[in-house]
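Readers should treat all values here as calculations from the given coordinates under stated rules, not as data from a laboratory. Quick caveat, the model's predicted, so the values are computed rather than measured. Methodologically, a virtual Cβ is constructed for each residue, glycine included, from the backbone with ideal geometry; neighbour enumeration extends over all protein chains shown.
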Amino acid sequence: MRWYVKSKIMKQVKQISLLAVFFFTVFLSGAAYAGEQSITKIVEITGTSVVCNKDVVKARNQAISNSLISAVEMVVSDFLSTESLVRNFQILNEALYDNTGKFIQNYKVLTELISGKTYRVMVQATVSIDMVKQHLLSVGIRLVKKSLPKILFFIAEQNIEDASPQCWWGEDMTLAKTVTENAMSENMRKKGFTVIDHENILRNLRLDILSYKSDLDNEQAVNLGTRLQADVVIIGKSVADIAPNTMGENIRSFQGTVTVCALRTDTGAEIASTMQSAVAVNTDEVAGSIKALSHAGFLAGEELASQIAGVWRKAVKMPTVVEIIVEGTVQLANFVTFRNNLNDMAGVNGMQIKEMKFDESAIIVNFQGNAEELADALMLKAFDSFGINIYEVSQNHLRIKLIPIKILH
């Protein structure tokens with residue numbers, strides 16, 4: 001009898017020892033895995049180069065290199081204001097743009113073509129946000145998250161002398177900005193908005209842009225805005241006409257009217273709208289109508305800037321570090337599934353395992369919101385082999401129990 005008890009105790013000790021070694025190994029591998037994870041951003045960008053001396057291979061390589069520089073620039077612009085980009089341009093050029101290999105995890109060429117002496121490639125690149133941030137900090141550049149969105153304008157303008165509306169997109173596109181857009185963009189830049197200059201990025205669009213009409217619908221504008229990395233698109237029209245008031249034989253009045261709305265590119269939702277009119281007086285029709293459109297555009301920019309800023313600042317959420325205590329991790333497969341699903345959730349910018357015990361683990365999550373919002377999002381997740389019980393929620397803390405399906409039934 002004593003031998004049996006002793007044998008049973010030794011067997012239990014051996015099992016516990018094996019489990020301890022197993023979980024310790026899992027903990028180390030999980031921690032290493034979390035430490036190796038990097039927050040990335042996938043961007044699609046176009047690069048160009050000139051074919052010299054018929055050296056197509058060299059031109060292709062240079063076009064790819066230029067596209068990778070643009071990809072890193074795009075990520076950097078997410079963390080720095082325009083003023084900071086200009087002020088630190090030399091440092092950025094030496095520290096980042098001359099060393100893109102440090103920040104590009106991988107890339108692939110989506111399409112390429114030769115047009116005359118120009119070699120053009122469209123590349124999809126994966127940029128390490130962590131590496132970019134660390135390098136910016138190491139060279140003494142302070143990261144300031146921009147609180148206002150990047151704007152792209154789609155304003156179709158018809159002046160008195162125009163037979164049809166003028167725009168920068170579509171089969172009748174003109175490279176010059178309209179009077180209305182100039183006035184609106186100048187006003188909104190002064191208020192801190194970043195305005196995308198389509199004159200310099202038209203080459204990044206495929207030829208299908210020529211199929212669009214001047215009267216873009218909301219879906220088309222949002223799709224184009226997304227391709228050009230805009231947060232908000234401003235779509236609408238402006239019209240100039242002769243007003244009824246006159247003075248003498250030569251002095252006439254002209255009215256400009258601007259009707260626009262602002263759409264988020266991530267959701268397509270309308271977040272602002274306005275219609276503004278202005279009157280100008282002049283002896284010349286063209287000069288008078290331009291003045292009226294410019295004034296109406298300035299007023300429209302003023303109003304939209306106010307509306308968009310109000311909506312945007314309410315929507316911006318600062319990232320929060322949330323600690324999640326997960327019970328029921330003895331079923332390792334369930335815990336791995338839970339962790340993978342958590343990492344893929346919208347708003348989760350990174351996570352790592354803080355501690356692992358026999359049947360409990362602590363996870364640190366970088367979340368764009370608070371613990372309550374993370375709990376709400378987790379409640380909507382469906383798991384095949386288990387359910388979750390969120391039984392404790394505080395500002396930066398959750399306690400969750402993983403419950404196998406067989407126990408639930």
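Applying a threshold of 30 Å to the alpha-carbon distances of K108/K191; K381/K406; K117/K191; K58/K102; K108/K190; K150/K291 flags K108/K191; K117/K191; K108/K190 as lying beyond it. Could you tell me which of rounded, prolate or oblate describes the range 318-408, using a ≥ b ≥ c as the square roots of the eigenvalues of the alpha-carbon gyration tensor, with rounded for a/c under 1.5 and, failing that, prolate when a/b is larger than b/c and oblate otherwise? Cα axes put the range 318-408 in the prolate bin. Each of the peptides 105-111, 162-168 was scored by the mean count of other Cβ atoms within 10 Å over its residues; in descending order, highest first, they stand as 162-168, 105-111. Expressed as a fraction of 2.2 N^0.38 Å, the value expected for a compact globular protein of N residues, the C-alpha radius of gyration of the range 40-138 is 1.13.
Protection proxy ranking of 250-257, 262-269, by the mean of other Cβ atoms within 10 Å over each peptide's residues and highest first, is 250-257, 262-269. Classification of the range 287-370 by its C-alpha gyration tensor yields a prolate form. The axis ratio a/c (a ≥ b ≥ c) is 1.5 or more, and a/b outweighs b/c.
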